[in-house]
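Participant: First, the structure itself, so that you have it in front of you.
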Amino acid sequence: MATILNDAEIKKLIGTVIIDGDPGCIRPNAYIMRLGGEGEFLNSEKEFILGKNKTGIIVQPSHSVALTAFETIDFRRETVHNVYPDHDLHGILSPTTDLSREGIVAPTTQVDAGYRGTLNWTITNTSNEERRFLYKERIYRLVIFKLAPGETPSRLYEGDYQEQMGYVRSRRKGPPVGMREEEWENSIVEGGPEKLLDHLMKSGFPWAGLGQKLKQIDLEFKTVTTEYAQIHESIEKLSREVDDLHTQRDELAKSIPETIRNVLRDESMGLQNRWLLAGGTMLAAALGLILALFSNQRAWDFVKSNGVWLGVVIIIASVCLGLRACRSPGVSKK
């Protein structure tokens with residue numbers, strides 16, 4: 001029975017079956033493929049190369065991009081048998097959940113036993129915002145199955161994409177030459193605007209040129225409509241953010257007076273406590289000094305003979321202690 005490889009088994013494939021693989025891309029039961037350096041914007045047929053002058057791609061809304069994986073997969077039997085004798089490997093490639101959360105649609109595909117080459121896939125941006133992807137970013141999940149001896153295919157993969165590296169365009173064979181237009185079915189409704197425009201474009205000069213212009217105007221109108229919808233959505237989003245800021249401002253305005261009152265009340269209580277503490281200390285010191293003087297005759301005589309300058313010293317010390325008590329912080333409340 002085929003089994004899904006876990007992280008310990010996938011680690012054995014790095015460097016041989018998964019060429020240019022990174023152990024940091026290994027998950028409990030999958031390997032996360034990274035964005036390679038070659039691809040094509042399908043809407044404009046513009047190819048690109050990352051890793052040199054460019055470090056990422058921008059996918060516009062409603063646009064599709066063909067991508068390549070950074071890693072190369074080698075499912076050939078001679079390679080796999082070095083790790084798993086009498087077994088073959090089969091892979092299922094699917095997008096990460098990050099892509100679906102951002103409105104990126106990507107197909108799920110399979111990697112047949114015996115395949116060797118670079119994996120290609122296509123993503124489409126169905127959201128109203130542009131999406132950006134960095135070179136070597138982890139975006140596709142490869143789940144690898146180990147096929148038991150009874151499940152291995154008698155004929156390994158020998159398709160058109162075998163041993164192909166980098167970005168490879170579709171090699172699907174087109175329709176045979178000479179087919180009549182009436183043999184094709186399409187979505188155009190008889191009598192509809194698309195049908196009328198099609199007839200106009202096939203009417204020859206000068207109507208063909210006019211039809212081309214009308215078709216171009218229609219495409220531009222659709223683009224403007226999409227852009228208007230995006231602008232409208234952006235304005236609504238900005239309005240919501242402004243309303244949130246106004247609400248926060250009102251709440252802050254209500255809380256500031258109460259905060260100021262609490263601070264003033266705490267500071268006044270602290271100041272009052274410091275004055276009481278300083279006054280009590282000075283009173284206790286004065287009582288102790290008086291008792292000491294009255295209980296000792298020699299001390300009393302000394303005070304009477306030097307009373308003037310002793311009084312000045314006591315006054316200065318009292319003032320200093322009072323000022324220090326005012327400047328010291330109050331006792332914090334837990």
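Participant: Taking a label point 7 Å from the Cα of Thr3 along the Cα→Cβ vector, which residues of region 87-111 have an amide N closer than 16 Å to it?
Facilitator: 87-90
Participant: A follow-up question, please. For region 1-98, run through the GluC sites (Glu not before Pro) and keep only the ones in DSSP coil with at most 14 other Cβ atoms within 10 Å of their Cβ.
Facilitator: Those satisfying the criteria are Glu45.
Participant: Give the cross-link partners of Lys11 among the aspartates and glutamates, using a straight C-alpha distance below 16 Å as the criterion and excluding same-chain residues fewer than 8 apart.
Facilitator: Answer for Lys11, where 16 Å is the Cα cut-off: Asp20, Asp22, Glu71, Asp74, listed by chain and number.
Participant: Below 12 angstrom from the Cβ of Phe70, what's the summed charge of the other residues (Lys, Arg +1; Asp, Glu -1)?
Facilitator: My count for the surroundings of Phe70 gives -2.
Participant: More than 17 Å apart: what percent of Cα pairs in region 106-154 qualify?
Facilitator: In whole percent, the share of Cα-Cα pairs in region 106-154 beyond 17 Å is 54.
Participant: So for each of 160-166, 30-36 I average, over its residues, the number of other beta carbons within 10 Å; can you give me the resulting order with the highest mean first?
Facilitator: 30-36, 160-166
Participant: Using 0.36 nm per residue of separation minus the Cα-Cα distance, give me the extension gain between Val177 and Glu78 in nm, one decimal.
Facilitator: 31.5 nm
Participant: Using Cα-Cα distances under 8 Å and only pairs 6 or more residues apart, what relative contact order does region 1-149 have, in percent?
Facilitator: Result for region 1-149 is 34 percent.
Participant: Okay, moving on. Defining a contact as two alpha carbons under 8 Å apart and six or more residues distant in sequence, what relative contact order in percent does region 47-123 show?
Facilitator: 40 percent
Participant: When you have a sec, figure out the Kirkwood radius of region 69-139 from all distinct Cα pair distances and drop it here in Å to one decimal?
Facilitator: Kirkwood hydrodynamic radius for region 69-139: 14.0 Å.
Participant: What does the charge count near Tyr115 come to, summing +1 for each Lys or Arg and -1 for each Asp or Glu among other residues with Cβ under 14 Å from its Cβ?
Facilitator: Summing Lys and Arg as +1 and Asp and Glu as -1 gives -4.
Participant: Separate question: Kirkwood hydrodynamic radius (Cα pairs, Å) of region 16-173?
Facilitator: 16.4 Å
Participant: May I pose another question? May I ask for the net charge around Leu99, where only other residues with Cβ less than 15 Å from the Cβ of Leu99 are counted and Lys, Arg are +1 while Asp, Glu are -1?
Facilitator: Overall, the nearby charge balance is +1.
Values quoted throughout were computed directly from the atomic coordinates according to the rules given, and no laboratory measurement underlies them. Everything numeric here is computed off the predicted structure, so don't read it as measured data. In this analysis, Cβ positions are derived from the backbone assuming ideal geometry, glycine residues included, and neighbour counts consider all displayed protein chains.
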